[in-house]
1. Restricting attention to region 31-56, which residues are part of a helix (DSSP H, G or I), among the aliphatic types (A, V, I, L, M) and touching a residue at least 60 places away in the same chain (Cβ under 8 Å)?
2. With (1) modelled with pLDDT of 95 or more; (2) over 14 Å from the mean Cα position of the chain (by Cα) as the list, and ALA176 as the residue in question, which single condition is left unmet?
3. Output yes when any residue across region 150-172 is within 25 Å of PRO65 (Cα to Cα), outside any helix (DSSP H, G or I) and modelled with pLDDT of 95 or more, and no when none is.
4. Please enumerate the residues belonging to region 150-164 that are more than 14 Å from ASP47 (Cα to Cα) and of a type in the set (Val, Ile, Thr).
5. Which residue pairs have Cβ atoms closer than 7 Å, lie 6 or more positions apart in sequence or on different chains, and pair a first residue in region 7-30 that is touching a residue at least 60 places away in the same chain (Cβ under 8 Å) and closer than 15 Å to ASP150 by Cα with a second residue that is more than 12 Å from ligand 2 (Cβ to nearest atom) and hydroxyl-bearing (Ser, Thr, Tyr)?
6. How many residues does region 83-119 contain that are basic (Lys, Arg) and either free of Cβ contacts under 8 Å to residues at least 24 places away in the same chain or within 13 Å of ligand 1 (Cβ to nearest atom) (or both)?
7. Is it the case that ILE28 is over 25 Å from LEU179 (Cβ atoms), in contact with a strand residue (DSSP E or B) (Cβ under 6 Å, 6 or more places away or on another chain) and within 16 Å of ligand 1 (Cβ to nearest atom)?
8. Quick one: is ILE198 out of contact with any Cys (no Cβ under 7 Å at 6 or more places or on another chain), modelled with pLDDT of 95 or more, of a type in the set (Val, Ile, Thr) and surrounded by fewer than 16 Cβ atoms within 10 Å (Cβ to Cβ)?
Amino acid sequence: MTQALIVIDVQNDFCPGGALAVPEGDQIVPGINALMAEYPVVILTQDWHPAGHSSFASSHGGKAPYDMTQMPYGPQVLWPDHCIQGSIGAQFHADLTTDRADLIIRKGFNPAIDSYSAFFENDHSTPTGLEGYLKTRGITDLTMVGLATDFCVNFSAVDAAKLGFSVTVRSDLCRAIDLDGSLAAARTGMQEAGVHIIG
Ligand code: VGL
Ligand code: ZN
(Lines give C-alpha, C1' and ligand atoms only; values in the text may rest on other atoms or scores of the structure.)
(Ligands and ions follow the chains in the order given, each with its own letter.)
Protein backbone atom coordinates (compact mmCIF):
# COMPACT_ATOMS: atom_id res chain seq x y z
CA MET A 1 0.00 0.00 0.00
CA THR A 2 1.37 3.36 -0.99
CA GLN A 3 -0.26 6.60 -0.07
CA ALA A 4 -0.36 9.95 -1.82
CA LEU A 5 -1.67 13.30 -0.68
CA ILE A 6 -3.50 15.12 -3.47
CA VAL A 7 -3.80 18.87 -2.87
CA ILE A 8 -6.53 20.29 -5.09
CA ASP A 9 -6.42 23.84 -6.52
CA VAL A 10 -5.06 25.85 -3.56
CA GLN A 11 -4.68 28.87 -5.84
CA ASN A 12 -5.07 32.62 -5.34
CA ASP A 13 -8.31 32.87 -7.33
CA PHE A 14 -10.00 30.40 -4.94
CA CYS A 15 -8.86 32.28 -1.84
CA PRO A 16 -10.36 35.45 -0.33
CA GLY A 17 -9.65 38.36 -2.67
CA GLY A 18 -9.53 36.05 -5.71
CA ALA A 19 -11.82 35.94 -8.73
CA LEU A 20 -13.76 32.87 -7.53
CA ALA A 21 -13.09 33.18 -3.83
CA VAL A 22 -14.08 30.24 -1.66
CA PRO A 23 -14.98 31.44 1.86
CA GLU A 24 -12.04 30.71 4.21
CA GLY A 25 -10.13 29.11 1.33
CA ASP A 26 -6.83 30.38 2.72
CA GLN A 27 -7.44 28.99 6.21
CA ILE A 28 -6.60 25.42 5.17
CA VAL A 29 -3.08 26.24 3.98
CA PRO A 30 -1.14 25.75 7.26
CA GLY A 31 -2.87 22.42 7.94
CA ILE A 32 -2.16 21.17 4.43
CA ASN A 33 1.50 22.13 4.72
CA ALA A 34 1.75 20.20 7.99
CA LEU A 35 -0.02 17.15 6.53
CA MET A 36 2.49 16.90 3.67
CA ALA A 37 5.08 15.60 6.17
CA GLU A 38 2.99 12.46 6.71
CA TYR A 39 2.89 11.34 3.07
CA PRO A 40 5.60 9.77 0.93
CA VAL A 41 4.08 11.25 -2.22
CA VAL A 42 2.54 14.72 -2.60
CA ILE A 43 0.76 15.84 -5.78
CA LEU A 44 -0.70 19.28 -6.44
CA THR A 45 -3.39 20.15 -8.95
CA GLN A 46 -3.73 23.54 -10.61
CA ASP A 47 -6.82 24.85 -12.40
CA TRP A 48 -5.32 26.27 -15.62
CA HIS A 49 -7.67 27.86 -18.13
CA PRO A 50 -6.89 29.69 -21.36
CA ALA A 51 -8.43 33.20 -21.63
CA GLY A 52 -11.96 32.94 -23.05
CA HIS A 53 -12.50 29.45 -21.60
CA SER A 54 -15.96 27.97 -22.23
CA SER A 55 -16.61 27.67 -18.46
CA PHE A 56 -16.47 31.47 -18.09
CA ALA A 57 -19.79 33.37 -18.09
CA SER A 58 -17.99 36.11 -20.04
CA SER A 59 -17.68 33.68 -22.98
CA HIS A 60 -21.49 33.32 -23.24
CA GLY A 61 -23.55 36.37 -24.28
CA GLY A 62 -26.29 37.21 -21.79
CA LYS A 63 -25.02 34.90 -19.07
CA ALA A 64 -23.88 35.91 -15.59
CA PRO A 65 -21.46 34.12 -13.26
CA TYR A 66 -23.13 31.17 -11.47
CA ASP A 67 -25.80 30.78 -14.21
CA MET A 68 -26.12 27.31 -15.72
CA THR A 69 -25.64 26.43 -19.37
CA GLN A 70 -25.88 23.28 -21.43
CA MET A 71 -22.61 22.01 -22.90
CA PRO A 72 -22.30 19.06 -25.34
CA TYR A 73 -21.14 17.00 -22.32
CA GLY A 74 -23.96 18.09 -19.98
CA PRO A 75 -24.96 20.93 -17.65
CA GLN A 76 -22.21 23.34 -16.65
CA VAL A 77 -22.06 26.14 -14.08
CA LEU A 78 -20.68 29.34 -15.61
CA TRP A 79 -17.93 30.90 -13.51
CA PRO A 80 -16.28 34.27 -13.23
CA ASP A 81 -13.04 34.37 -15.26
CA HIS A 82 -10.52 32.57 -13.02
CA CYS A 83 -7.19 30.75 -13.01
CA ILE A 84 -6.11 32.07 -16.38
CA GLN A 85 -2.85 30.47 -17.47
CA GLY A 86 0.11 32.54 -16.28
CA SER A 87 -1.95 34.94 -14.15
CA ILE A 88 -1.36 35.76 -10.47
CA GLY A 89 -4.78 34.26 -9.75
CA ALA A 90 -3.65 30.92 -11.15
CA GLN A 91 -0.59 30.80 -8.90
CA PHE A 92 -0.63 28.66 -5.77
CA HIS A 93 -1.37 30.52 -2.53
CA ALA A 94 1.94 32.11 -1.53
CA ASP A 95 2.05 30.18 1.78
CA LEU A 96 1.40 26.75 0.25
CA THR A 97 4.51 24.57 0.37
CA THR A 98 5.09 23.43 -3.19
CA ASP A 99 8.59 21.97 -2.75
CA ARG A 100 7.29 18.56 -1.66
CA ALA A 101 5.26 18.05 -4.85
CA ASP A 102 6.46 15.16 -7.03
CA LEU A 103 3.92 16.19 -9.67
CA ILE A 104 1.84 19.25 -10.46
CA ILE A 105 -1.09 18.33 -12.66
CA ARG A 106 -2.80 21.11 -14.59
CA LYS A 107 -6.38 20.80 -15.77
CA GLY A 108 -9.02 22.84 -17.58
CA PHE A 109 -6.67 23.77 -20.43
CA ASN A 110 -9.00 22.44 -23.14
CA PRO A 111 -10.94 25.57 -24.24
CA ALA A 112 -14.14 23.61 -24.90
CA ILE A 113 -14.33 21.40 -21.78
CA ASP A 114 -14.13 22.23 -18.10
CA SER A 115 -12.21 19.88 -15.84
CA TYR A 116 -13.17 19.74 -12.18
CA SER A 117 -11.67 16.32 -11.64
CA ALA A 118 -7.96 15.67 -11.51
CA PHE A 119 -8.62 12.44 -13.46
CA PHE A 120 -11.09 13.26 -16.25
CA GLU A 121 -12.38 16.37 -17.97
CA ASN A 122 -16.07 17.17 -17.44
CA ASP A 123 -17.03 14.93 -20.38
CA HIS A 124 -16.09 12.13 -17.91
CA SER A 125 -14.02 10.45 -20.62
CA THR A 126 -10.96 12.54 -21.55
CA PRO A 127 -8.21 11.48 -19.12
CA THR A 128 -5.68 13.87 -17.59
CA GLY A 129 -3.08 11.12 -17.24
CA LEU A 130 -3.12 11.12 -13.42
CA GLU A 131 -4.57 7.60 -13.19
CA GLY A 132 -1.64 6.19 -15.17
CA TYR A 133 0.87 8.18 -13.14
CA LEU A 134 -0.48 6.91 -9.82
CA LYS A 135 -0.96 3.29 -10.93
CA THR A 136 2.47 3.01 -12.52
CA ARG A 137 3.97 4.29 -9.26
CA GLY A 138 2.03 1.65 -7.30
CA ILE A 139 -0.05 4.18 -5.39
CA THR A 140 -3.29 2.72 -4.07
CA ASP A 141 -4.48 5.07 -1.33
CA LEU A 142 -5.27 8.74 -1.80
CA THR A 143 -6.00 11.48 0.71
CA MET A 144 -7.52 14.61 -0.79
CA VAL A 145 -7.60 18.16 0.55
CA GLY A 146 -8.14 21.58 -1.02
CA LEU A 147 -10.65 23.67 -2.94
CA ALA A 148 -13.46 23.48 -3.52
CA THR A 149 -15.04 20.61 -1.56
CA ASP A 150 -18.19 20.53 -3.71
CA PHE A 151 -16.55 20.88 -7.14
CA CYS A 152 -12.96 19.88 -7.79
CA VAL A 153 -12.41 17.86 -4.60
CA ASN A 154 -15.76 16.09 -5.04
CA PHE A 155 -15.25 15.22 -8.72
CA SER A 156 -11.67 14.09 -8.08
CA ALA A 157 -12.62 11.92 -5.10
CA VAL A 158 -15.55 10.25 -6.85
CA ASP A 159 -13.51 9.54 -9.99
CA ALA A 160 -10.64 8.15 -7.92
CA ALA A 161 -12.99 5.82 -6.03
CA LYS A 162 -14.53 4.62 -9.32
CA LEU A 163 -11.01 3.93 -10.62
CA GLY A 164 -10.39 1.63 -7.64
CA PHE A 165 -8.32 3.83 -5.35
CA SER A 166 -9.05 3.93 -1.64
CA VAL A 167 -9.99 7.58 -1.11
CA THR A 168 -10.19 9.70 2.02
CA VAL A 169 -11.26 13.35 2.00
CA ARG A 170 -10.14 15.46 4.98
CA SER A 171 -13.09 17.84 5.12
CA ASP A 172 -11.40 20.00 7.74
CA LEU A 173 -8.73 20.78 5.12
CA CYS A 174 -11.25 21.60 2.38
CA ARG A 175 -13.62 24.54 1.91
CA ALA A 176 -16.76 24.74 -0.26
CA ILE A 177 -18.40 27.15 -2.70
CA ASP A 178 -21.87 25.75 -1.80
CA LEU A 179 -24.16 26.81 -4.67
CA ASP A 180 -27.79 25.72 -4.24
CA GLY A 181 -27.02 22.85 -1.89
CA SER A 182 -23.98 21.66 -3.83
CA LEU A 183 -22.04 20.85 -0.66
CA ALA A 184 -24.71 18.50 0.72
CA ALA A 185 -25.09 16.86 -2.71
CA ALA A 186 -21.33 16.43 -2.97
CA ARG A 187 -21.10 14.79 0.45
CA THR A 188 -23.87 12.34 -0.46
CA GLY A 189 -22.27 11.60 -3.84
CA MET A 190 -18.86 10.99 -2.31
CA GLN A 191 -20.29 8.70 0.37
CA GLU A 192 -22.25 6.71 -2.24
CA ALA A 193 -19.04 6.30 -4.24
CA GLY A 194 -17.28 4.86 -1.16
CA VAL A 195 -15.16 7.88 -0.37
CA HIS A 196 -14.25 8.13 3.33
CA ILE A 197 -14.96 11.63 4.61
CA ILE A 198 -13.15 12.44 7.84
CA GLY A 199 -12.34 15.59 9.79
C1 VGL B 1 -13.18 24.86 -9.33
C2 VGL B 1 -15.00 25.93 -10.21
C3 VGL B 1 -14.31 26.19 -11.37
C4 VGL B 1 -12.58 24.14 -8.17
C5 VGL B 1 -12.47 25.10 -10.49
O6 VGL B 1 -11.34 24.11 -8.04
O7 VGL B 1 -13.36 23.59 -7.36
N8 VGL B 1 -14.45 25.27 -9.21
N9 VGL B 1 -13.05 25.78 -11.51
ZN1 ZN C 1 -11.95 26.40 -13.21
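1. ILE32, LEU35, MET36
2. (2)
3. No, every residue in region 150-172 fails to be within 25 Å of PRO65 (Cα to Cα), outside any helix (DSSP H, G or I) and modelled with pLDDT of 95 or more.
4. Matches in region 150-164: VAL158 only.
5. Every condition considered, the pairs that remain are ILE8/SER156.
6. Residues flagged as basic (Lys, Arg) and either free of Cβ contacts under 8 Å to residues at least 24 places away in the same chain or within 13 Å of ligand 1 (Cβ to nearest atom) (or both) within region 83-119 amount to 2.
7. The answer is no for ILE28.
8. Judged against the criteria, ILE198 is a match.
The values are calculated or read from the model by the stated rules, or taken from the named source; none is laboratory data. Note that this is a predicted model, so its numbers are computed, not measured. In this analysis, Cβ positions are derived from the backbone assuming ideal geometry, glycine residues included, and neighbour counts consider all displayed protein chains.
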